[in-house]
Amino acid sequence: MALIAPSLLAADFANLQEACEMLNRSQADWYHLDVMDGVFVPNISFGLPVISAIKKHARKTLDVHLMIVQPERYIKDFKAAGADILTVHYEASTHLHRSLQAIKAEGMQAGVALNPHTPVHLLKDVLHDIDLVCMMSVNPGFGGQKFIENTYNKVRELKALISETGSATRIEIDGGVTSKNAAQLIEAGADVLVAGSFVFNAADPEKTISDLKAI
């Protein structure tokens, strides 16, 4: 059974506490928090103060996805804000191994995100140091985008690489996840599904989460 990590990027920012309380009640496993700087991606979301505020209400794992340049500068800050999992982009990390070690040194799980155009084989040498690979199934920066179909092939390829290297890395899918593609993603090897618009734009977000969880 896959873990479900609703993305608060799609929540009503004027009612974040209400969104947190709904996620606490729901069958969601993690909170997925997208941090964007307007440089690495063409959008700005929220940063450390908002994550600290969410942490006060959240009763589940905070899965923080940094879509920012030079993420290594802020590792200690995101730990202090309450991150349990900290994911940096392969494309933004010149010294990826060093960043992964620094994240683990702070007691967090270390994740690496891959943009749709980045091949999975580039992670082979560091898979043992990665707890989570966040595979972008849309181009990062905005919620509500159309799912990229090639994602299934990339998931299968990454799953094979994980088996080959004997690592315990989880595969997370981020972008365009719905009840229509969730089963196929899990079948391909996904362990964690991030769903934003599909959950928060639903008439009944709690039921939508439980329906995804049941797939």
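Only the coordinates and a few stated rules stand behind these numbers; no lab work does. Quick caveat, the model's predicted, so the values are computed rather than measured. In this analysis, Cβ positions are derived from the backbone assuming ideal geometry, glycine residues included, and neighbour counts consider all displayed protein chains.
Numbers at a glance
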| quantity | calculated |
| --- | --- |
| In sequence order, calculated HN-Hα J values of region 3-15 (Karplus, 6.51, -1.76, 1.60; Hz; x Gly/Pro) | 7, 10, 10, x, 8, 6, 4, 8, 6, 7, 5, 7, 9 |
| Most to least packed among 126-139, 51-64 [average Cβ atoms within 10 Å] | 126-139, 51-64 |
| Unsatisfied cross-links (Cα-Cα over 21 Å) in the set Lys124/Lys159; Lys180/Lys207; Lys55/Lys207; Lys79/Lys213 | Lys55/Lys207; Lys79/Lys213 |
| Long-range amide H partners of Leu3 with built H, under 5 Å | Val192, Leu193 |
| Sum of side-chain charges, Ile85 neighbourhood, beta-carbon under 10 Å (Lys, Arg +1; Asp, Glu -1) | -3 |
| Region 124-157: trypsin sites (Lys or Arg not before Pro) falling in loop per DSSP and having at most 11 other Cβ within 10 Å | Lys146 |
| In order through region 183-199: 3J(HN,Hα) via Karplus (6.51 cos²θ - 1.76 cosθ + 1.60), integer Hz, x for Gly, Pro | 4, 5, 5, 5, 4, 6, x, 5, 10, 9, 10, 8, 9, x, 4, 4, 7 |
| Percentage relative contact order, the chain, counting C-alpha pairs under 8 Å, at least six apart | 22 percent |
| Between region 181-215 and region 1-68, the Cα center-to-center distance that results, in Å | 16 Å |
| Residue-wise HN-Hα coupling along region 72-79, computed from phi with Karplus coefficients 6.51, -1.76, 1.60 (Hz; x: Gly, Pro) | 4, 5, 10, 4, 5, 5, 6, 4 |
| For q = 0.07, 0.08 Å⁻¹, Debye-computed log10 I/I(0) when each Cα of the chain counts as one equal scatterer | -0.18, -0.24 |
